[in-house]
Amino acid sequence: EAGVEIDANVVSAVLGVSFVDNSMSLGKQLHSLVIKRRFSGNTFVNNGLINMYSKCGDLTDSLSVFRRMSKRNYVSWNSMIAAFARHGHGLAALELYEEMITLDVKPTDVTFLSLLHACSHVGLIDKGRELLNMMQDVHGIEPRTEHYACIVDMLGRAGRLKEAKSFIDSLPMKPDCLIWQALLGACSFMVIQK
């Protein structure tokens, strides 16, 4: 009515808006519009749907959109891996990563950030360390502060505060506030657990 032509770009932009639980009805309406306007083949629109459903807490529909995509890009994979990680489904995130590698899709630093987050929240310390090493050694991706902070968080959640401090001391960079916040958060987590 406002004279705006609704195309895949407009829908993709609207899907990029932050959704929360109570926005599910709007999200479902947008998804219906995507189907009605035949935008279902648009990778950017589908990536937006994956994120929208994930932010609304609906991993079933997120995964359904992902699985039906005829073309996926690294954003598609990262979005779904992040969705699993965000909602505590670490093993599902790792399985999807393995599928990604099998299909020869190159992971990015964002992929590894989500995987480390997933490992942290399900207590997979050895796998987290392995992923950090693979990130550099196999994929040639230089870890950022956020990756190191995930490792600190992971060790801290497991109650391995001394190991977390040793890890910080061994970093190739001077630790910044994000890394120290991860350690302090781990300390707080340990106090709450006790």
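At-a-glance table
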{"read-out": "Residue match in segment 127-148 (condition: buried (at least 17 other Cβ atoms within 10 Å of the Cβ), out of contact with any His (no Cβ under 6 Å at 6 or more places or on another chain) and at pLDDT below 95)", "value": "no"}
{"read-out": "Filter pass, residue 104 being outside any helix (DSSP H, G or I), under 29 Å from residue 58 (Cα atoms) and of a type outside the set (Phe, Trp, Tyr)", "value": "yes"}
{"read-out": "Residue list for segment 124-176, restricted to those being more than 26 Å from residue 92 (Cβ to Cβ) and among the acidic types (Asp, Glu)", "value": "142, 163, 169, 176"}
{"read-out": "Selection within segment 67-109 - crowded, with 17+ Cβ neighbours inside 10 Å and either of a type in the set (Asp, Glu) or closer than 15 Å to residue 139 by Cα (or both)", "value": "97, 100, 105, 107"}
{"read-out": "Pairs where the first residue, in segment 165-182, is on the phi < 0 side of the Ramachandran plot and the second is of a type in the set (D, E, K, R) and surrounded by 15 or more Cβ atoms within 10 Å (Cβ to Cβ), C-beta under 6 Å, 6+ apart", "value": "182/153"}
{"read-out": "Filtered residues of segment 110-126 (kept if outside any loop (DSSP other than H, G, I, E, B) and either modelled with pLDDT under 95 or under 15 Å from residue 175 (Cβ atoms) (or both))", "value": "120, 121, 122"}
{"read-out": "Qualifying residue in segment 136-152 (condition: among the aromatic types (Phe, Trp, Tyr) and within 11 Å of the chain's Cα centre (by Cα))", "value": "no"}
{"read-out": "Residue that is nearest to residue 167 (Cα to Cα) [pool: residues in segment 131-146 that are in a loop (DSSP other than H, G, I, E, B) and among the hydrophobic types (A, V, I, L, M, F, W, C)]", "value": "141"}
{"read-out": "Test: residue in segment 102-109 that is on the phi > 0 side of the Ramachandran plot and among the charged types (D, E, K, R)", "value": "yes"}
{"read-out": "Members of segment 54-97 that are in a helix (DSSP H, G or I) and more than 15 Å from the chain's Cα centre (by Cα)", "value": "60, 61, 64, 65, 67, 68"}
{"read-out": "Within segment 16-46, considering residues that are touching a Phe, Trp or Tyr at 6+ places or on another chain (Cβ under 9 Å) and assigned to a helix (DSSP H, G or I), the one modelled with the highest pLDDT", "value": "46"}
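The values are calculated or read from the model by the stated rules, or taken from the named source; none is laboratory data. Everything quoted here is computed from the prediction, not taken from an experiment. With ideal geometry, Cβ positions are generated from the backbone for all residues, glycine too; neighbour counts draw on all protein chains shown.
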